[in-house]
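Worksheet: one structure, shown below.
The values are calculated or read from the model by the stated rules, or taken from the named source; none is laboratory data. It should be emphasised that the depicted structure is a prediction, and the values quoted were computed from it without experimental measurement. Counting neighbours? That spans all protein chains shown, and the Cβs are built from the backbone with ideal geometry, glycine included. We work out accessible area using only protein heavy atoms, side chains counted, and drop any ligands, DNA or RNA first. Shrake-Rupley method; radii C 1.70, N 1.55, O 1.52, S 1.80 Å.
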Amino acid sequence: MELDLKDKRKTEKVVEAYSDMIMRIAYQNLKCVHEAEDVMQEVFLALINKRKFADDEHLKAWLIRVTVNKCRDVLRKKRRSDLPLGVAESFLFSPEQSGILEEIFELPPDDRTVIYLHYYEGYNAAEIGKILKKSENAIYIKLTRAREKLKDILLKEGENE
């Protein structure tokens with residue numbers, strides 16, 4: 001079944017269904033609400049131009065991939081000043097999700113993306129691999145290394161307290 005977004009109402013439903021997810025992914029990559037909002041707008045503009053998808057999963061994977069790529073573009077173009085985490089954390093993430101966000105933000109962007117997609121969006125390694133266009137094995141390795149880095153960060157913070 002092909003998903004065609006020529007109908008304005010269908011496009012509005014897609015925006016409603018995925019805007020929170022796109023905003024969370026953009027914010028966890030950029031740590032800046034305003035830049036995340038800009039990325040979200042760019043993603044939906046790209047969506048309007050794309051319009052046709054094989055199914056809902058293809059659409060969701062495409063939205064995630066475009067969001068991650070647009071975030072990388074923003075990070076490449078400029079250095080930004082960080083917004084304190086607490087400002088946006090309260091409306092982007094539930095209390096359970098925000099438990100170790102500060103530590104996750106200390107990870108490199110690629111590691112943050114893989115950790116986020118796995119633990120916050122619930123994707124497995126094969127699905128993340130398809131979204132990011134990497135092999136499942138590469139995602140398993142990235143997840144393992146990211147977990148180790150996160151563990152080191154948490155242990156260092158525990159020593160400093």
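Conditions (1) open to solvent by 80 Å² or more (accessible area, probe 1.4 Å); (2) assigned to a loop (DSSP other than H, G, I, E, B); (3) within 19 Å of Lys8 (Cβ to Cβ); (4) at pLDDT below 90, marked per residue:
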residue	(1), (2), (3), (4)
Val39	no, no, no, no
Val43	no, no, yes, no
Glu57	yes, no, no, yes
Lys60	no, no, no, no
Ile64	no, no, no, no
Arg76	yes, no, no, yes
Arg80	no, yes, no, yes
Glu89	no, no, no, yes
Filtering segment 110-161 down to residues that are loosely packed, with under 14 Cβ neighbours inside 10 Å and in a loop (DSSP other than H, G, I, E, B) yields Gly122, Asn124, Lys133, Ser135, Glu161
What are the residues in segment 24-37 that are modelled with pLDDT under 90 and small (Gly, Ala, Ser), if any? none
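Tell me which residues, restricted to segment 1-23, are at pLDDT 90 or above and open to solvent by 60 Å² or more (accessible area, probe 1.4 Å).
Pass one, segment 1-23, residues at pLDDT 90 or above: 16-23.
Glu16, Ala17, Asp20, listed by residue number.
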Are there any pairs, at least 6 apart or on different chains, whose C-beta atoms fall under 7 Å, with the first in segment 11-30 and at positive phi and the second among the acidic types (Asp, Glu) and in a helix (DSSP H, G or I), and if so, which? none
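Please verify whether Ser98 is at pLDDT below 70 and open to solvent by 70 Å² or more (accessible area, probe 1.4 Å), treating the condition exactly as stated.
no
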